[in-house]
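Please treat every number below as a calculation from the coordinates, not as lab data. Note that the coordinates shown come from a computational prediction; the quantities given were computed from them, not determined experimentally. FYI the Cβ positions are ideal-geometry reconstructions off the backbone, even for glycines, and counts take in every protein chain you see.
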Amino acid sequence: MSDNLKGMPIIGVMGSAVCTDAEGKLAERVGEVIAQRGGIVLCGGGSGIMKAVCMGAKRGGGITIGIMPGSDRYESPPNEFVDIPIFTGMSDGRNSINAKTSEVVIAIAGSYGTLSEIGLALKNGKKVVALESWELYRRGKSPENYFPVQSAEEAVELAFSFLDER
């Protein structure tokens with residue numbers, strides 16, 4: 001199986017543990033399309049957007065990684081759609097792992113944890129696709145590697161186009 005994973009892109013999908021039904025459906029579709037395109041979904045492994053994106057990825061036949069805040073499955077149980085839970089014991093510090101391990105980040109809605117992941121990804125030179133997420137401006141301009149989009153399909157298409165640029 002490990003040979004089959006080599007070369008598969010890791011797409012980080014960041015979002016809150018609490019989401020609306022509409023945001024959850026967007027996340028499910030993002031996960032499904034990432035899986036259909038041959039990508040691995042990486043997320044925080046919990047509920048809300050994280051659970052929805054993993055559910056969609058599994059429906060699309062994909063692989064999911066959950067970067068968990070606790071030290072073990074008792075402290076932070078992964079959602080049932082996480083294939084590979086990685087227990088960090090780092091609480092919010094795991095956001096750095098999420099940003100650095102992802103080749104591209106898709107942010108869906110989100111609260112302050114998502115905002116920190118966006119900032120860490122941008123700081124590390126990663127491209128961030130924003131779907132109903134934060135509006136970012138500095139001196140009247142959006143960050144160079146920050147790309148708001150309107151649909152799940154557009155988010156995944158753009159993320160994969162960035163992988164092709166490498």
Does the stretch 126-135 include one or more residues that are surrounded by fewer than 19 Cβ atoms within 10 Å (Cβ to Cβ), out of contact with any Ser or Thr (no Cβ under 7 Å at 6 or more places or on another chain), in contact (Cβ under 8 Å) with a residue 40 or more places away in the chain and at negative phi? no
Do the conditions hold for ALA22, that is, is it out of contact with any strand residue (DSSP E or B) (no Cβ under 7 Å at 6 or more places or on another chain), surrounded by fewer than 20 Cβ atoms within 10 Å (Cβ to Cβ) and not aromatic (Phe, Trp, Tyr)? yes
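Here is a yes/no grid of residues against (1) loosely packed, with under 15 Cβ neighbours inside 10 Å; (2) out of contact with any strand residue (DSSP E or B) (no Cβ under 6 Å at 6 or more places or on another chain); (3) assigned to a loop (DSSP other than H, G, I, E, B):
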site	(1), (2), (3)
LEU42	no, no, no
GLY45	no, no, yes
MET50	no, no, no
GLY61	yes, yes, yes
ILE65	no, no, no
ARG73	yes, yes, yes
ARG94	no, no, no
Can you tell me how many residues within the stretch 136-161 are touching a residue at least 12 places away in the same chain (Cβ under 8 Å), more than 15 Å from the chain's Cα centre (by Cα) and closer than 15 Å to GLY38 by Cα? 0
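One line per residue, one yes/no per condition, for (1) of a type in the set (Ser, Thr, Tyr); (2) touching a Lys or Arg at 6+ places or on another chain (Cβ under 8 Å):
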| site | (1), (2) |
| --- | --- |
| MET14 | no, no |
| GLY61 | no, no |
| SER76 | yes, no |
| ILE84 | no, no |
| PHE87 | no, yes |
| ASN95 | no, no |
| VAL104 | no, yes |
| GLY110 | no, no |
For residues in the stretch 104-123 being in contact with a helix residue (DSSP H, G or I) (Cβ under 6 Å, 6 or more places away or on another chain) and not in a helix (DSSP H, G or I), which is surrounded by the fewest Cβ atoms within 10 Å (Cβ to Cβ)? ALA109
Of all residues in the stretch 1-39, how many are among the small types (Gly, Ala, Ser), more than 10 Å from the chain's Cα centre (by Cα), more than 13 Å from ALA159 (Cα to Cα) and assigned to a loop (DSSP other than H, G, I, E, B)? 3
